[in-house]
Structure formats: structure tokens, C-alpha cells
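Each value in this text was obtained by applying a stated rule to the coordinates, not by laboratory testing. Since this is a predicted model, take the numbers as computed values, not measurements. Ideal geometry is used to build each Cβ from the backbone, glycine not excepted, and the neighbour counts take in all protein chains shown.
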Amino acid sequence: MKTVINEQDRRNFVSLVESMLHDKLSKCYQCGKCSAGCPVNFEMDYTPNQIIKMAELGMEDKVLNSKTIWLCVSCNTCSTRCPKGFEVTGIMDVLREIAERKGISSKTEKEIQMFHEVFLDNVKSNGRIFELELVGKYKLKTRHLFRDIFLAPKMLEKGKLKMHGEKISDLNQIAKIFKDFE
């Protein structure tokens, strides 16, 4: 079954994505290097380059309801491999943001969405990541308090979980950044 996309809706969606991304979707010429290097593409319903092309074509429903945008772990492997310098992780962030604004949530990746929410809240309140707070709030939100507790001692030993987080001096700048994306 072929989906018919209203041209004005397509233009509106593409314009919104590009304005939030600060880049043109047409910059991607579909070489596939992003998808070839993605460490989680085997779990995705569409590869990163397919998501970019579908966004460019205005396939808003498919893109915003895909597993791919929630499964992206923002490792930046895709972006570093891109010969055009396209921010593939950036488009995944933008698409998640648009999906959340529209009340679309991941049907199968609920915990990933929860992590993104807790992560952004952590950045909003501290200006940077405070890992112990992030993990604690995420564990409370998902109710998986002891799922990987065995990792904590080694992480503490190696200094990966600091007991006190640092805040940046001017949280107003962070608030302004988040306000600009509202």
C-alpha cells in the first residue's frame, strides 16, 4: 500500500527538521557509511541513512514512529564516518524531540526514551552530566534498581561514578539553550 503525502505537510516537516538541525537533509547523498558503521543498526527497523531519506521525503509518521530514532546511542560513529560532515546523531536527536512534542513515544523502547528524558533533565539542572544522579534517577524511573548493581563497585573504584557532581557557574545559559529548542 502506497502512502500519499500532502506536499505542504511534507515541506512543513522537512522545514521543521532542517531548522532544528541547522543543516539540509539533502546534504546526505546516501553513501551508507553511517549505517555500515552503526553498532546498533542490527536492532533498528530502518538504517540511519534510510531515516534521513524518509525525513527528506516527508515521511513523518514512519520516521517518528520508528524504533531507529530511539535506539540511536549517540556514539557519533555515523557522524565521524560521513564524508559530507552530516550530523547523523543530530538528526536522531531532532526527530526524538519532534516525536516527544507530538506525544509520540517509543512503543518498544520505553526505557530508552526514559533515559533520554532523565539525561536531558540532568543536563538542564547541572549544565553537564552528573553520572551518579543520572543513574539513580534512571533506575528509579524504570524501577530496575538492582539490575546492574554489580557494576557499581568497579565504577566507583575507577572513579567513573563521582559522589559529588559539578554544576556549571551559569545555568542560565543552559536554560536559554533549552528554551531555544522549545
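Quick rundown of the values:
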quantity	calculated
Choice from 146, 42, 119 with maximal GNM fluctuation in the chain (Cα, 10 Å cutoff)	146
Lone cysteines, the chain (no partner Cβ under 4.7 Å)	28, 31, 38, 72, 75, 82
Rounded if a/c under 1.5, otherwise prolate or oblate - segment 21-76, Cα gyration tensor axes	oblate
Over the chain: helical MRE at 222 nm, DSSP H runs n ≥ 4 each giving -39500 (n - 2.57), nearest 500	-16000 deg cm²/dmol
Check: the chain dipole with +1 on Lys, Arg Cβ and -1 on Asp, Glu Cβ, in debye	320 debye
In order through segment 158-171: 3J(HN,Hα) via Karplus (6.51 cos²θ - 1.76 cosθ + 1.60), integer Hz, x for Gly, Pro	8, x, 7, 10, 6, 6, 10, x, 9, 10, 6, 6, 10, 5
³J(HN,Hα) computed for each position of segment 115-124 - Karplus, 6.51 cos²θ - 1.76 cosθ + 1.60, integer Hz, glycine/proline x	4, 4, 5, 5, 4, 5, 4, 5, 5, 4
Partner lysines for residue 33 [C-alpha distance under 24 Å; skip if fewer than 8 residues away on the same chain]	24, 53, 62, 67, 84
Cα gyration tensor category, rounded, prolate or oblate, for segment 110-180 with a/c compared to 1.5	oblate
Square roots of 5 times each gyration tensor eigenvalue, C-alpha, segment 52-124, largest first, Å	20, 17, 10
Sequence of 31, 78, 72 once ranked by neighbouring C-beta atoms within 10 Å, starting from the fewest	31, 72, 78
